[in-house]
Every structure is written in structure tokens, then in C-alpha cells.
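First the structure, in the form of C-alpha cells, and then the observations on it.
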Amino acid sequence: MSAALLAALLLLPAAPSRAATVKLFAYDSRGKALDLQGLLARLGRADDATPRSPSAAPFWAYPVDGSTPSRVTLAQDGSLLTATWNGGPARLDLVWPAPDDGYGEVWADNDGHCFGDGDAVFLDEAIALTQYRLFKESWKRRTTDWEPLFAPGKRGKRAADAARDAIAAAERKQEAPARAAAFEKALHAVSVAWEEELFEHGRQLAASPRLAKQERFGLTLDASLVPRLNDLKWIAEAVRRSGSNWVRVVFRPNPADFTYASLGSFNEYDGAVDLLRKNGISVMGDILDTTQWPRGMTPAIYAERVKNIVLHYKGKVAAWEVGSELNGDWLGGSSDPLTPDQVFKIYSAGAAKAKELDPGAETVATLYWWEATAPDRAHSLSGWLKTFVPRGFGANVDTVGLEMFPDDNPVGMRFESAFDEVASALPGKRLILSSFGYVEKNRLRGYWWLAPDDVDGGRKDLMILYTTASCAMRASVCGGFWWQTLDQMLPARRHHRATDLYKVYRRTVTQLRRD
């Protein structure tokens, strides 16, 4: 090729990438078609003062050809709503409420054929039909290809039948608004049926000898334990009475001695670890909470912190959480966070050091559940796994944890597929629900579960559901770690009286360990 021809070719405009635009239809509770602002409000958090930009909503397209998923751009032309993305036919992934049950992340995939340019997407219908098909696939898999097989109970059968009937009733409707309302009700029935399936199978699996030996019903004692050491005896006894057999102990940042080079830095924790062990509770040590990573963190600094903490408690701590929320976008400070590459190098140095110094202890790394609500593809759960599993994530780690806070990042009917995705990416690894919770204080600021104005009810419902359903997940040990134990279950302000949430947790765990 001549230099002149090459130069001419370089001056030609690049060929435009493929793009797809679909027409969207959705309706409010009165049967009125949603406009762009109405749709953005439906997709938004309770504390979004103004709806997000149409190009930043939690609404993604996953092209069927396997090309990189992209966030859709929503628009309105006259009365017509559209969604546009780069690439060909795609599965749609977005957050969406199931009435009287809560927000979750859902798929709409046109019966597996995906949506392409020019298609009309009736969102309520497309979501309900897709989620119902996925529920039926889950039911079939659990009743024909699981150990032990799922034996549906009366409630599970009734819920499955109700979902089937609701879908059939919706399909008989003719007018678009009435059809959308019927499919909205059907989505609720599907969500309830799926929850009942996972709850029933979780109870059955918790009773199996295989899982009973590794079940991990855990509570978390975060860094707020340090100013409450006078309550330590009561806290440890309450943990024991709850039925928990594990506790996560989170080591504070300790800025005066970040690497714990001085023996004096362990004073606050020595008594806690010893007292928990005397109460028959296994300890998982969390080297450093993800929100407390300093901007100046390096692999060498982190490895030194890991070394000093691990050596001090070697033989006393059964598991080391060497990385938490590794795919978060706030590690090192939300204003100027570390890059995913930097985080991975720092974590890897710590994981290797823990495994080297205490090979008999379990090593745990936790990933944060978010997909549609992630700020970008690089930090999403699936995007992060795709990048870092080929680079060695999984080495020097025995167990991978999932962290779920559905008020910030809805889960809903994606609970099962989230575990499936991690299990497929990391075959042979144990999985745990390493951390979960709902609403930090008493006022909802994110997405609601159960009901928008019932934080307490939503919290209890999730406690029961997730603790039990985690036992029914692929490759998962049974149980999970509630994060805000000290504030929400055993608060200092109640003068050594546990809350109702603690009592719900205790009943749930007692029943599961008895089954």
C-alpha cells in the first residue's frame, strides 16, 4: 500500500458503530402512560431530589453478541419514549418495583430473543414474562438437578400456582393500560413465588448433613465496638444466645499505628477475640473496612498491616477477610478513589501475605453486589469479575463473599443469579453471603423493600429471607453476616436490651439450626 493511499484512508471518517433504539411503554397506577420524567422517577431512589440524567439511569443493555454492555440513553420525542444503546439486539437490565414487595434488579429479554432496533417494549409485560420464565427455570433445576432435590411445600406450590395464574390473566387483557396493570400484579406474584421457593429450599438444605457442618450464621462487630468495650461481656453473650456460630470482627483504621506495628494497638481487640472464642464462636477478622482505606494505601503498606494482625491472632482467628467490597468505587476516598487496578494490586498483596503466614486459616474476599446501579461497567460485579478473574482473582482466597444492601442497590429476583454468576466465574470456590443489611438509620434514603414507609418491616423481612435463602445458593455455605449488629440489634442506648430485630434473627437462626 502506497504512503499516499494510506494517508487518504486515515483521513476517511470512522464507520459509525451499530446502535439500536427501542420504543418504551409503561404506565402509572392510574393507567396513564409514563413520560420521560415519570419513567426516571420509577427508576430512581427515594432520595433523588431530581430525576437522574436520561443517560445515567440504572438501565443497561447487554448485547446478545457478547459485546460490552452499555447504559441506555432514554429520550422522549413527542409522546414516544425511547431507549438507545450501542450494539445490536440486547437483553435489558434495570431496576424495577414489584408492588408490595420491593425494588429489585430485573431482566427483560423478549423470551430469550432480546430486543433489537425498532422493537416496541412494553416494560411491565416484558419484565414480568422474563422473570416468570427465569423463575420456572429455577424451579425445574431445583426439583430435578440439585442435591438434595427441592420438595415444594404447600405454600411454595400455592405461590407458584398464583404466579402462573396471574401471568395467564394478564395475557388475556387486551388494552395496553389494563394489560400493564395486570402484568404489574403478576410481577408481584412471581417475586413472592421465587422468594417462597428459595425460603423453602433453604430450610431443607440447612437440614442436610453436608451444609450443617459448614453453616455460617454470623453477626458483625464493626469498629464501633471499640468505644463500647464496657459492654463487651453482654455483647458476646447476646451473640451466643442469638444462635450465631461466627462473628466478623472489623479492625479499626488506627491512624496512629495503621499497620498495627505496636502491641498496644491490639489492646481493644484481644479481650473481644478471647471472649468470643470462649463463647464457642468462630471469628472472621476483617483486616480493614473498605470505607476506611486511606488514599495513600500501597501494596507494601497493606501487606504490612495484614502481616502484623495475622501473626498476632494466628491460631485464634478462623478466617481472614483480606478484601471487602473490592469492586467499590470509593476505596481510597470517594472524591479521588484508587483505580480498580490499584485496588486489585493492594488486595493481592494482602491476600498472599495472609495465606503465607497463616495457611491453616480461611481467606475471604468480598465483592459488592451492583449491576444496573453501578457507576460504570468496570465496577459492576460482572464487569469486575470479567477483568480480574483472568488476572488471578481467586488465588490465595478460599471463599468469595457477596455483599448485598438492597436499599442502595436493589437485588430482588437477582439474588439467585448473583450467586450463580460468581460460582460460574470461580468454580471450586466456596461462596458466602458475607455482608447484608437494610437502611443505615431509620429513614429510607434509597430503594424500598416491602413498603416505602416500613423500614423496620423491610429489615426484618430481608433478615429472614436472605439468611434462609443463602442456604439454597449454588456453592454457598449456609447463613450470612448481618452488618449493623451493634447499632440495629444491640444498641448502647437500650441499656443491655436487644431490639426486636435481634429477636427475629434469633428465631430465624434457631429454626434453621433445628431443622
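The values are calculated or read from the model by the stated rules, or taken from the named source; none is laboratory data. In this text, all values refer to a predicted model and were calculated from it rather than measured experimentally. Here Cβ is always computed from backbone atoms with ideal geometry, including for glycine, and neighbour counts include all displayed protein chains.
Side notes on the structure shown:
- Among the residues making up the range 464-480, those that are surrounded by fewer than 23 Cβ atoms within 10 Å (Cβ to Cβ) and either modelled with pLDDT of 95 or more or in contact with a helix residue (DSSP H, G or I) (Cβ under 6 Å, 6 or more places away or on another chain) (or both) are ILE464, LEU465, ARG474, ALA475.
- For the range 164-211, taking the residues that are aliphatic (A, V, I, L, M) and in contact with a Cys (Cβ under 8 Å, 6 or more places away or on another chain), the one that is surrounded by the fewest Cβ atoms within 10 Å (Cβ to Cβ) is identified as LEU211.
- The range 379-404, residues that are farther than 17 Å from SER348 by Cβ, in contact (Cβ under 8 Å) with a residue 40 or more places away in the chain and in a strand (DSSP E or B): GLU403, MET404
- Single residue of VAL455, VAL422, VAL439 found to be in contact with a strand residue (DSSP E or B) (Cβ under 8 Å, 6 or more places away or on another chain), free of Cβ contacts under 8 Å to residues at least 60 places away in the same chain, outside the structural domain of TRP96 (by TED's automatic domain parsing) and over 17 Å from GLY202 (Cβ atoms): VAL422
- Some residue of the range 496-512 being surrounded by fewer than 24 Cβ atoms within 10 Å (Cβ to Cβ), of a type outside the set (Gly, Ala, Ser), touching a residue at least 24 places away in the same chain (Cβ under 8 Å) and in a loop (DSSP other than H, G, I, E, B): yes
- Those strands (runs of 3 or more DSSP E) lying entirely in the range 30-123 with at least 1 residues of a type in the set (Val, Ile, Thr) and closer than 28 Å to GLU195 by Cβ: 90-98, 102-108, 120-122
- Selected residue (criterion: modelled with the lowest pLDDT) from residues of the range 289-306 that are surrounded by 19 or more Cβ atoms within 10 Å (Cβ to Cβ) and either in a helix (DSSP H, G or I) or touching a Lys or Arg at 6+ places or on another chain (Cβ under 7 Å) (or both): THR290
- Evaluating VAL504 against the criteria (1) farther than 28 Å from ASP47 by Cβ; (2) touching a Lys or Arg at 6+ places or on another chain (Cβ under 6 Å) leaves one unmet condition, (1).
- A Cβ distance below 8 Å, combined with a sequence gap of six or more or placement on separate chains, defines the contacts here; from the range 251-275, residues that are basic (Lys, Arg) reach residues that are surrounded by 14 or more Cβ atoms within 10 Å (Cβ to Cβ) in the pairs ARG252/ALA223; ARG252/VAL226; ARG252/GLU268; ARG252/GLN292.
- The residues of the range 446-473 that are outside any helix (DSSP H, G or I) and either aromatic (Phe, Trp, Tyr) or closer than 22 Å to LEU402 by Cβ (or both), listed by number, are GLY446, TYR447, TRP448, TRP449, LEU450, MET473.
- For ARG203, the conditions (1) of a type outside the set (Gly, Ala, Ser); (2) within 25 Å of SER324 (Cα to Cα); (3) part of a helix (DSSP H, G or I); (4) under 25 Å from the mean Cα position of the chain (by Cα) are fulfilled apart from (2).
- Some residue of the range 481-495 being among the polar types (S, T, N, Q), buried (at least 18 other Cβ atoms within 10 Å of the Cβ) and assigned to a loop (DSSP other than H, G, I, E, B): yes
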